[in-house]
1. Taking a point 7 angstrom from the Cα of residue 290 along the C-beta vector, which residues in the range 181-214 have backbone N less than 19 Å away?
2. Just order 85-92, 53-60, 18-25 by mean Cβ neighbour count inside 10 Å, highest at the front, would you?
3. Can you figure out the FRET efficiency of residue 233 with residue 196, using R₀ = 51 Å and their beta-carbon distance, to the nearest 0.05?
4. Report, in deg cm²/dmol and to the nearest 500, the calculated mean residue ellipticity at 222 nm for the chain, where each DSSP H run with n ≥ 4 adds -39500 (n - 2.57) and the sum is divided by the residue count.
5. What angle do you read, to the nearest 10 degrees and between 0 and 90, between the alpha-carbon axis of helix 231-241 and the longest principal axis of the chain?
6. Helix 119-133: angle to the longest alpha-carbon principal axis of the chain, degrees 0 to 90, nearest 10?
7. I'd like the antiparallel share, as a percent to the nearest 5, of DSSP beta bridges with both residues in the range 106-212.
8. Of the DSSP beta bridges with both residues in the chain, give the percent that are antiparallel, rounding to the nearest 5.
């Protein structure tokens, strides 16, 4: 049995689909059971579980061979952010995996570091450290930004105008990957013994936000200049929204950082940590920008 925490999200659904295709028995841990069943179907076992609390987790993962964590609190509100979900929640999952003798696969982020300006990256790093110090055999998969997530954001901001909103100038190259590639690697880590005890770094493709938005416009046959939110406005929104809308503040801080630099961390590897292994997408796959065009070939003008 394989337990997938966060199995109803973008990445989680892809992981579940791949494991199902291999005939694995899957149990998904989610907070919203109805939503999970609507996107996963009736063939997947779904358990209502909040990873922020240890109570019930041991029973939920009992008998599992592997526990996969695809959870994140980036968009969580007060009390459900990275510190609570990515750090504390993953620690609870790791302890539960160790208690039942299961292997643990953690989906982390490229650039996770203890001194990163963004709380998500700090929380993921803490989870990585906790996994490495625990008795459960582990694999860590670090991934850059998912192109599917940002295409959805650009599509939403375009609305009926066909003019996506860019957060900042949009001319800074950003490493992107496809959630499909990450799901492939995670499903491989489940069964490949050679990947145990390793940090796997998914290599991203450098694309500017302007290029991404323009590729989307071309694929959707949209016209008109892109719209931009200036950096000072992003900074101000992050500050004023922190007390009342922490998730919105988090989004603005992340957008501001992505617009300023490709450097996602100030942390450097030390001898006390396993070195990360860079994983390239399979040869022969189209570039991410080419994939956008091919996936929208039949889109109406």
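Where a number appears in this text, it was derived from the coordinates with a stated rule and is not lab data. These numbers come from a predicted model, not from an experiment. Because the Cβ atoms are built from the backbone with ideal geometry, glycine has one as well, and the counts that use them run over all protein chains shown.
1. 181-182, 203-208, 211-214
2. Working: 85-92: 24.2, 53-60: 15.4, 18-25: 13.9.
Output ranking for 85-92, 53-60, 18-25: 85-92, 53-60, 18-25.
3. Details: r = 46 Å, r/R0 = 0.90.
With R0 = 51 Å, the Cβ-Cβ based efficiency is 0.65.
4. Numbers: 11 runs with 122 residues, N = 301.
Using -39500 (n - 2.57) per qualifying helix, the result is -12500 deg cm²/dmol.
5. Roughly 50 degrees between the two axes.
6. With rounding to tens, the tilt is 20 degrees.
7. Working: 3 of 12 bridges.
Within the range 106-212, antiparallel bridges account for around 25 percent of the total.
8. Values: 3 of 37 bridges.
Roughly 10 percent of the DSSP beta bridges within the chain come out antiparallel.
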